[in-house]
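Asks: Have a look at this one.
Read-outs: derived from the displayed coordinates by stated rules, not from any lab. All values derive from a computational prediction rather than experimental measurement. Cβ: placed from backbone, ideal geometry, glycine included. Neighbour counts: every protein chain shown.
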Amino acid sequence: GVPALTLWVEAGTYDDHHHTVIDTFDKVDPHWLAVDTAVMGIAAWNLANTAGPIGRRLSPAEAADVMKKSGVESTRQMVDGSSPR
């Protein structure tokens, strides 16, 4: 139920080499690394300087419902070891 953020990776070959023996620096696109870094920096700065909370704490049922509706229920199941509902 705690507000969380995630990044989605654009469809392509990312998962083919991410965290594998072939995941080397030659796979990095300097332009997109710079863009992603800027976006994350701006997001972090804005979140750090927000006057109030970014969202309210959800009940377990509300959190499960939001994750199911947004298509990330498998992530929750992976993290907490739960089975599909």
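Asks: Spin-label point model (7 Å from Cα, Cβ direction): what's the Asp15 to Val28 distance in nm?
Replies: Taking the two extended label points, one gets 2.4 nm.
Asks: Could you work out how far apart the two model spin labels at Leu58 and Thr6 are, taking each label as a point 7 Å from the Cα in the direction of the beta carbon, and quote it in nm?
Replies: Distance between the two pseudo-spin positions: 1.1 nm.
Asks: Which cross-chain or sequence-distant (5 or more) residues have an amide H under 5 Å from the amide H of Leu58, H modelled 1.01 Å from N in plane?
Replies: Those qualifying (amide H under 5 Å, at least 5 residues apart or on another chain) are Val2.
Asks: Residue by residue through segment 15-21, what is 3J(HN,Hα) from phi via Karplus (6.51 cos²θ - 1.76 cosθ + 1.60, θ = phi - 60°)? Round to whole Hz and write x for glycine and proline.
Replies: Result, ordered by residue: 6, 5, 10, 4, 6, 10, 4 Hz.
Asks: Right, something else. If packing is taken as the mean number of other Cβ atoms within 10 Å per residue, what is the order of 57-67, 15-25, highest first? Walk me through the numbers before you get to the answer.
Replies: Values: 57-67: 13.1, 15-25: 9.2.
Peptide ranking by packing, descending: 57-67, 15-25.
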